[in-house]
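Worksheet: the structure to be examined is printed underneath.
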Amino acid sequence: MMVSGPVTLANVAGLLEEGTRHLEEGVQTVDLGEVSELDSALLALLLAWLRDAKSRGRQITFANLPESAQTIARLYGVHGLLPLHGTGTASHP
């Protein structure tokens, strides 16, 4: 699944719903390479999708996480919880 454009508090609810539908269909990787603008809502969105996937007994990884999102995740102390595509495990601080 590709996420593109802004991911902010203004539109995160719609993205959460859309992503949840994709998870139900079996999506395993979310590509964030086309995110153009973000705030901490992106981090909340990723954690919600991760929680949803785990509740379904599935795994999900995130590809091309923007550096600014990684910085926010480090500041919040949750960077290590985000499984990044290509690493095989959660990211490292």
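Readers should treat all values here as calculations from the given coordinates under stated rules, not as data from a laboratory. Keep in mind that this is a model prediction, so the values were computed, not measured. Cβ: placed from backbone, ideal geometry, glycine included. Neighbour counts: every protein chain shown.
For Glu37, what residues show an amide H to amide H distance below 5 Å, using hydrogens built from the backbone and excluding near sequence neighbours?
Amide H to amide H, under 5 Å and 5 or more residues apart or across chains, Glu37 pairs with Val7.
What ranking, highest mean first, results for peptides 1-13, 42-54 when packing means the other Cβ atoms within 10 Å averaged over each residue?
With the highest mean Cβ count within 10 Å placed first, the list reads 42-54, 1-13.
Say we join alpha carbon atoms closer than 10 Å with springs in a Gaussian network model of the chain; which of Gly26, Gly57, Gly77 then has the biggest fluctuation?
In the Gaussian network model the winner is Gly57.
Share of Cα-Cα pairs in the chain beyond 23 Å, in percent?
When every Cα pair of the chain is considered, 13 percent fall beyond 23 Å.
Return the distance in nm (one decimal) between the two label points of a simple spin-label model at Glu18 and Gln70, each offset 7 Å from Cα along Cα→Cβ.
Roughly 2.5 nm, to one decimal.
Taking 0.36 nm per residue of separation and subtracting the Cα-Cα distance, what length does fully extending Leu81 through Asp52 add?
The Leu81-Asp52 span can extend by a further 9.0 nm.
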